[in-house]
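What follows is one structure encoded as structure tokens, with my remarks underneath.
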Amino acid sequence: MNWETVIGLEVHVQLATKSKIFSGASTQFGAAPNTQASAVDLAMPGTLPVFNGEALRMAVKFGLAIGAEIGMRSAFDRKNYFYPDLPKGYQISQMDYPIVGRGHVDIGLADGSVKTIGVTRAHLEEDAGKSLHEDFHGSTGIDLNRAGTPLLEIVSEPDIRSAEQAVAYLKYIHSLIRYLEISDGDMSQGSMRCDVNISLRPAGQSEFGTRTEIKNVNSFRFVEKAIYVETERQRDILEDGGSIVQETRLYDADKNETRPMRSKEVANDYRYFPEPDLLPIVIDQKYIDSVQHDMPELPKQKVARFVEQYQLSDYDARLLASDRDTAEYFEQVSSASDDAKASANWVMGELAAQLNRDELSIVESRVSAEQLAVLIQRINDQTVSGKIAKTVFDALWQEDSKAAVRVDQIIDEQGLKQVSDSGAIEAMVDDVIANNPQQVENYRNSAEDKRKKMLGFFVGQVMKASQGKANPAQVNQLLNDKL
Amino acid sequence: MHDMTVSALSSALAAGEFSSVELTQHLIDRVKTMDGDYNAFLTLCEEHALQQASNADKARAAGQVHPLCGIPVAHKDIFCTNGIRTSCGSKMLDNFVPPYNATMIDKFDSAGAVMLGKTNMDEFAMGASNETSFYGPVRNPWNTGCVPGGSSGGSAAAVAARLAPAATGTDTGGSIRQPAALCGISGMKPTYGRVSRYGMIAFASSLDQAGPMARSVEDLALLLELMSGHDPRDSTSIDADVPKYSASLNNSIEGLRIGVPKEYFSEGLNPGTAACVEQAINEYQKLGANISELSLPHSPLSVPAYYVVAPAEASTNLSRFDGVRYGHRCDNPTDLNDMYTRTRSEGFGDEVKRRILVGTYSLSAGYYDAYYRKAQKIRRLIQQDFVEAFKSVDLLIGPTSPSPAFPLGAKTSDPVAMYLEDIYTIAANLAGLPALSMPAGLVDDKPVGVQLIGNYLCEAQLLNAAHQFQCATDWHQQQPVQGDMV
């Protein structure tokens, strides 16, 4: 049977506020255990939460960015369950009245199409601490530094139909939160975490199948793999006539399989009720306007501008705008070199490949935007050929100096300047013709349409003789004339 | 000295009749000799108090001070006190020493008041007789065979027994007013949000409110002025100016409109208590007030609504007592569940467990709508009753509790009978209104309280009316007969 996969994602994003959502303690990652936990975070008796207005601002920013309804009156609820790293025995979250209501995002797929994914809601809540099971000789250590870090939980509609779409959606959300500067989005530090809801149904059927939820999948790659294996698992069961158990599962990356969580890890009844220690959050249009005023250019707007301003293809624009740092780097190169097309090609081509090879992000690039801009100018003013430019780029990458003057210095030091002295080129052309009588003979006896191809041999020989520095246009011209 | 009110002590200290150290030492001696009979104090802060008293004397010598500077005050053991054990009357917190002060404690400290000690209370403020305390019951100074009321029973008994001129309490369903009535003192629960809840161990967050307990309404006004005000650490505290309550105490109450809710004189009311309240109403008439009868139709529903809302909030407020970070932890837990189960089974007493179970049940899936949501609806109806009533009257008057102090053990096996102790006080908590209780007579040599309920943030009017009553009567000056003591 032909099965359709139906996926909904719950993404938890840690908001980049300086202090916690309900206390004044710092949210900085990596401090010694329990050094960033105040009396409120420790749930000491009598302490009370006070809501951090910065978290509200960030949530509203996100809501506006996805065109969502903003909750003019939202409220907190208590979600009750016992766990040692949940100090109060309840998590303050939002159940009935989330700060962000229905919205949507448009994701670009590899085939160039665009798909709209609905966002059901996004709500504010506090993160829990961490349980540490190693190094405690059979006991468990609790680190409450993370307890109370603000989270925005973004819940998608079940609009996603494949692992590819899921990853594209996640990457979009990731890019968006970084654009908005509401989170560093660092998945390795848990700043963005994902739960995957997944079910199968026969293609064409309108009602959903029974779903499973895979908790805490924390990289794009694992999301992709978890969806593949879970889809396969469900398909096997359904094709054998079995039925899916609605349950929470974990993805084990080492074994590349999902398995059910122990029932103890799953609380059944959270006994949600309105948090009496906090007043409802009431905002007005003036507040929303002030947030709107501070909004940066969003990925969607940037794509449109790149297409318009730089005459890039929609695909290229999307690729460059997918990440705020990449877009910024590209624009720096483009404005300094005055060649948007070449800038785009270098950023998406040579630079992306090098970054990928060395596993660096673009802000860590060993070649600066200024250097790349000068290099592109040197190609355009015919100081170096495109091919030699790659040699210069590699040299820049090696030395990691970031100084723009180094581009010309390297060209000089290594004698990479293109030879445009027609006398010198002519001598080389003459040599090549004299040394390859057989090929010359063949060329002259061939039909016009075949000659074009054969010319390449002679060009190659001349370039070789010039160590790649001869001006290719001049070489072509002279060869054509002389042959 | 021990018979003097706070305002009299304040004047005497200002006049240099005695020092705060002398006064504090005298009260410490009284507590040490007499409190064996009452069990009102859980902690006597002898060294700390004398240090504060000495500081207060120096400050007074140096110049202008707050009227409460050097005045010894007893605090209910529900307020967190930096470096001083705060037990909340529970085994769970028997070893708990907070590293911070409740905002309320900070305020007393900044005025230069002296913390005499921490008073006994029903465990986690759950009780109306002070018999649920892990540290044993408090005895009523008027009759040590009787309860002092609860949950602020230790504070009430301390003030009534002249061990402290004033005390603080908390009131979730009547826990200041009912013990004040049963011990023959004055006690006030302000508007919800008037006094910060920060550092006050939570029972039911939407109902809890701290307030003063003293031997005169004049003293309540002095204390409330200090205690009130917005606290950025408590989001539910009200951001409104604090009037100078003492300044309006002597205003005339000629023409004051006082309503008498007919539901407050139902069959459960002790006839002697009813007579005292009637007498108080007559007194107000003599003072020029206009008395009218009215109805609060939903008040019979206040006890059931309260006993859904309060336990529901309590059940989750008390989840933090899990043995992980502070307080009691069972010995040698075998695993996490064992630690939770035994820690909480051992740490909490029966009444607390009962309310956690009730509260958990009413919030559970499938029961939420029938209990919690319905109770919240009733709560709004009760609130609406008051809004209606305050369209035609300024204050409401009625009994504080259905009967005078009852014997120890009389109601411990019947939780519902105990819950009905708060039948007249609970509605003010559900609606968030200010209310006070003051002495209005004696029945069988035991004090009876009359309750006044005011509109939101109308504490000044309430205190004014109550003070005028105390100017015309001497019930608040009656005191229990005590043996020859210090």
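The values are calculated or read from the model by the stated rules, or taken from the named source; none is laboratory data. These figures come from a predicted structure and were not determined experimentally. Heads up, the Cβs are rebuilt from the backbone with ideal geometry, glycines too, and the neighbour counts pull from every protein chain shown. SASA here: full protein model, heavy atoms, side chains in, ligands and nucleic acids out. Shrake-Rupley method; radii C 1.70, N 1.55, O 1.52, S 1.80 Å.
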- In region B:251-262, residue most open to solvent (accessible area, probe 1.4 Å) [restricted to those that are closer than 29 Å to residue B:66 by Cβ and in contact with a helix residue (DSSP H, G or I) (Cβ under 7 Å, 6 or more places away or on another chain)]: B:251
- Query: Can you tell me how many residues in region B:47-66 are free of Cβ contacts under 8 Å to residues at least 60 places away in the same chain and either part of a helix (DSSP H, G or I) or open to solvent by 70 Å² or more (accessible area, probe 1.4 Å) (or both)?
  - Reply: 13
- Message: Step by step: first the residues of region B:298-339, then only those that are in contact with an Asp or Glu (Cβ under 6 Å, 6 or more places away or on another chain) and open to solvent by less than 30 Å² (accessible area, probe 1.4 Å), then the one that is farthest from the other protein chains (Cβ to nearest Cβ). Which residue is that?
- Response: B:299
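How many residues does region B:11-40 contain that are touching a Leu at 6+ places or on another chain (Cβ under 8 Å) and open to solvent by less than 20 Å² (accessible area, probe 1.4 Å)?
First pass over region B:11-40, keeping only residues touching a Leu at 6+ places or on another chain (Cβ under 8 Å): B:13, B:19-21, B:23-25, B:27-28, B:30-32, B:34-35, B:38, B:40.
Cutting the leftovers down to open to solvent by less than 20 Å² (accessible area, probe 1.4 Å) gives us B:13, B:20, B:23-24, B:27-28, B:30-31, B:34-35, B:38, B:40.
Total meeting the criteria: 12.
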- Item | Unmet requirement for residue B:267, which otherwise passes all of (1) at pLDDT 95 or above; (2) within 30 Å of residue B:446 (Cα to Cα); (3) surrounded by fewer than 19 Cβ atoms within 10 Å (Cβ to Cβ) | (1)
- Message: Where the second residue is β-branched (Val, Ile, Thr) and not in a strand (DSSP E or B) and the first is within 15 Å of residue B:422 (Cα to Cα) and lies in region B:439-455, which pairs have Cβ atoms under 6 Å and are six or more apart or on separate chains?
- Response: B:448/B:273; B:449/B:400; B:450/B:277; B:451/B:400
- Query: For region A:59-84, how many residues are touching a strand residue (DSSP E or B) at 6+ places or on another chain (Cβ under 8 Å), open to solvent by 10 Å² or more (accessible area, probe 1.4 Å) and basic (Lys, Arg)?
  - Reply: 2
- Filter result (open to solvent by 10 Å² or more (accessible area, probe 1.4 Å), in contact (Cβ under 8 Å) with a residue 12 or more places away in the chain and in contact with a Gly (Cβ under 8 Å, 6 or more places away or on another chain)) within region A:128-151: A:131, A:132, A:142, A:143, A:145, A:146
- Message: For region A:33-53, give me the residue count where each residue is within 11 Å of chain B (Cβ to nearest Cβ) and closer than 18 Å to residue A:20 by Cα.
- Response: 14
- Of all residues in region B:444-486, which are surrounded by fewer than 18 Cβ atoms within 10 Å (Cβ to Cβ) and of a type in the set (Asp, Glu)? B:444, B:445, B:474, B:484
- Note on the structure: Within region B:325-359, the residues that are part of a loop (DSSP other than H, G, I, E, B) and touching a residue at least 12 places away in the same chain (Cβ under 8 Å) are B:326, B:327, B:328, B:329, B:330, B:348, B:349
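Regarding residue A:332, is this residue under 22 Å from the mean Cα position of the chain (by Cα), modelled with pLDDT under 95 and not aromatic (Phe, Trp, Tyr)?
Numbers: under 22 Å from the mean Cα position of the chain (by Cα): yes; modelled with pLDDT under 95: no; not aromatic (Phe, Trp, Tyr): yes.
When the stated conditions are applied, residue A:332 does not pass them.
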- Given the structure, is residue B:287 more than 9 Å from chain A (Cβ to nearest Cβ), over 22 Å from residue B:128 (Cα atoms) and open to solvent by 10 Å² or more (accessible area, probe 1.4 Å)? yes
- Task: With the condition kept exactly as written, say whether any residue in region B:93-107 is surrounded by fewer than 24 Cβ atoms within 10 Å (Cβ to Cβ), without any contact (Cβ under 8 Å) to a residue 60 or more places away in the chain, part of a helix (DSSP H, G or I) and away from chain A (no Cβ under 13 Å).
- Result: no
- Query: How do the strands (runs of 3 or more DSSP E) wholly within region A:172-273 filter down when requiring 1 or more residues that are within 15 Å of the chain's Cα centre (by Cα) and of a type outside the set (A, V, I, L, M): which remain?
  - Reply: A:192-202
- Message: Out of B:243, B:212, I need the residue that is in contact with a helix residue (DSSP H, G or I) (Cβ under 6 Å, 6 or more places away or on another chain) and either within 11 Å of another protein chain (Cβ to nearest Cβ) or touching a residue at least 60 places away in the same chain (Cβ under 8 Å) (or both). Which one?
- Response: B:243
- Task: Test each condition in (1) outside any helix (DSSP H, G or I); (2) within 20 Å of residue A:472 (Cα to Cα); (3) touching a helix residue (DSSP H, G or I) at 6+ places or on another chain (Cβ under 8 Å) for residue A:415 and report the one that comes out false.
- Result: (3)
- Query: When the residues of region B:343-363 are filtered to those that are open to solvent by 20 Å² or more (accessible area, probe 1.4 Å) and within 10 Å of chain A (Cβ to nearest Cβ), which remaining residue is nearest to residue A:272 (Cα to Cα)?
  - Reply: B:360
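Given the criterion within 14 Å of chain B (Cβ to nearest Cβ), surrounded by fewer than 23 Cβ atoms within 10 Å (Cβ to Cβ) and either over 24 Å from the mean Cα position of the chain (by Cα) or of a type outside the set (Lys, Arg) (or both), identify the matching residue among A:24, A:30. Explain how you work it out, then say what you get.
Numbers: A:30 fails: within 14 Å of chain B (Cβ to nearest Cβ).
After ruling out the rest, the residue left standing is A:24.
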- Of all residues in region A:85-127 being surrounded by fewer than 21 Cβ atoms within 10 Å (Cβ to Cβ), more than 19 Å from the chain's Cα centre (by Cα) and not in a strand (DSSP E or B), the one that is nearest to the other protein chains (Cβ to nearest Cβ): A:85
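Could we say that residue A:56 is within 14 Å of chain B (Cβ to nearest Cβ) and either surrounded by 21 or more Cβ atoms within 10 Å (Cβ to Cβ) or under 26 Å from the mean Cα position of the chain (by Cα) (or both) here? If you could, list the steps in order and put the result at the bottom.
Details: within 14 Å of chain B (Cβ to nearest Cβ): yes; either surrounded by 21 or more Cβ atoms within 10 Å (Cβ to Cβ) or under 26 Å from the mean Cα position of the chain (by Cα) (or both): yes.
So residue A:56 passes the test.
Just checking, does region B:403-422 include any residue being under 21 Å from residue B:146 (Cα atoms), among the polar types (S, T, N, Q), open to solvent by 10 Å² or more (accessible area, probe 1.4 Å) and touching a residue at least 60 places away in the same chain (Cβ under 8 Å)? Talk me through it step by step, then tell me what you get.
If we filter region B:403-422 for residues that are under 21 Å from residue B:146 (Cα atoms), which is where we start, we get B:403-422.
Then keep just the ones that are among the polar types (S, T, N, Q); that gives B:403, B:412-413.
Restricting the remaining residues to those that are open to solvent by 10 Å² or more (accessible area, probe 1.4 Å) gives B:403, B:412-413.
Filter once more, so that each one left must be touching a residue at least 60 places away in the same chain (Cβ under 8 Å): B:403, B:412.
The answer is yes; a qualifying residue exists.
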- Item | Residue match in region B:305-317 (condition: under 22 Å from residue B:218 (Cα atoms), under 25 Å from the mean Cα position of the chain (by Cα) and touching a residue at least 40 places away in the same chain (Cβ under 8 Å)) | no
